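Colleague: Structure in structure tokens, see below.
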């Protein structure tokens, strides 16, 4: 299985004094890195997701590679490692909406206790629609898509940052009143209706954006511990790729 982690572009011997951290490997992020004199970009999502038979400079992926190399910017991706790690992306998402005592939805085979995909835990008991408002506030969204019936009360909540349709059944088995994830499949939404559970699609970007600050916090701790002369910056240009367009927007 391809994990898409680690050094994607650049040399492991390259000197680094300033790092820019973002969620997605986009040309705009490289432009920001160049403007802010960052020689390393760290993203959650990988710039190269599948093996490349060629590097076509007319494609977005090819342009990204060319831009990184021509500006001497190395690129590292965290992806699956940060998804499943203890205190990873789903932990950060869970904390943002008030989940306590979190455990993985699917435990990994790692020797490290607590690793695995998704998280489930307890929240202070509250009315279901009120909890949806908590989600909206945490994700800074105007609306979310909800599949199934919003529960009368919520005490147990499961989350998975990013695309997490495949964990919905396990979340229900573990007693989740609401499951927050993204890119929910049509078939999974129909299943939620029939199963009597509730799935909230908080969008991929908004459920994983907490990973940016998470990376910065972890790296900052390492830098301080080792007394390195290294500056770590959050992106100031990255935005949600989707905008809401209503009937009266034009």
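Since every read-out is calculated from the coordinates, none of them should be taken as a lab result. Every value quoted in this text rests on a predicted model; they were computed, and no experiment measured them. Here Cβ is always computed from backbone atoms with ideal geometry, including for glycine, and neighbour counts include all displayed protein chains.
Colleague: Report, please, the projected area of segment 138-243 averaged over directions, based on the convex hull of its C-alpha atoms, in nm². Could you put the intermediate results ahead of the total?
Modeller: Numbers: hull surface 35.0 nm².
Averaging across all directions leaves 8.8 nm² for the Cα convex hull.
Colleague: Using the count of nearby Cβ atoms within 10 Å as a rough guide to exposure, how do 223, 184, 41 rank from fewest to most?
Modeller: By the 10 Å Cβ count, ascending, the order reads 223, 184, 41.
Colleague: Right, another one. Restricting things to alpha carbons, tell me how big segment 1-123 is in terms of Rg and Dmax, in Å.
Modeller: Rg, Dmax (Cα atoms, Å): 16.8, 49.
Colleague: Among DSSP beta bridges whose residues both lie in the chain, state the antiparallel percentage, nearest 5.
Modeller: 50
Colleague: When the scattering of segment 85-207 is computed by the Debye formula from its Cα atoms alone, each counted once and equally, what is log10 I(q)/I(0) at q = 0.21 Å⁻¹?
Modeller: The Debye formula, applied to the Cα set alone, gives -1.18.
Colleague: Tell me, what is the FRET efficiency for residue 227 and residue 122 to the nearest 0.05, using R0 = 25 angstrom and their Cβ-Cβ distance as r?
Modeller: 0.05
Colleague: Here is a follow-up. Once a ≥ b ≥ c are taken as the square roots of the eigenvalues of the Cα gyration tensor of segment 97-164, is the result rounded (a/c under 1.5), prolate (a/b larger than b/c) or oblate (a/b not larger than b/c)?
Modeller: prolate
Colleague: Cut-off is 10 Å between beta-carbons; in what order do 44, 112 appear when sorted fewest neighbours first?
Modeller: Final ranking by Cβ density, sparse to dense: 112, 44.
Colleague: Once you put a point 7 Å from the Cα of residue 237 and another 7 Å from the Cα of residue 150, both along the Cβ direction, what distance in nm separates them?
Modeller: Label at residue 237, label at residue 150, 3.8 nm between them.
Colleague: Within 10 Å, count the other beta carbons around each residue, average over each peptide in 126-139, 15-28, 89-102, and list them highest first.
Modeller: 89-102, 15-28, 126-139
Colleague: Take the alpha carbon atoms of segment 25-85, find their center, do the same for segment 174-194, and report the distance between the two centers in whole angstrom.
Modeller: So the two Cα centres are separated by 32 Å.
Colleague: Then there is this: Would you mind ranking 228, 191 so that the residue whose beta carbon has the fewest other beta carbons within 10 Å leads the list?
Modeller: 228, 191
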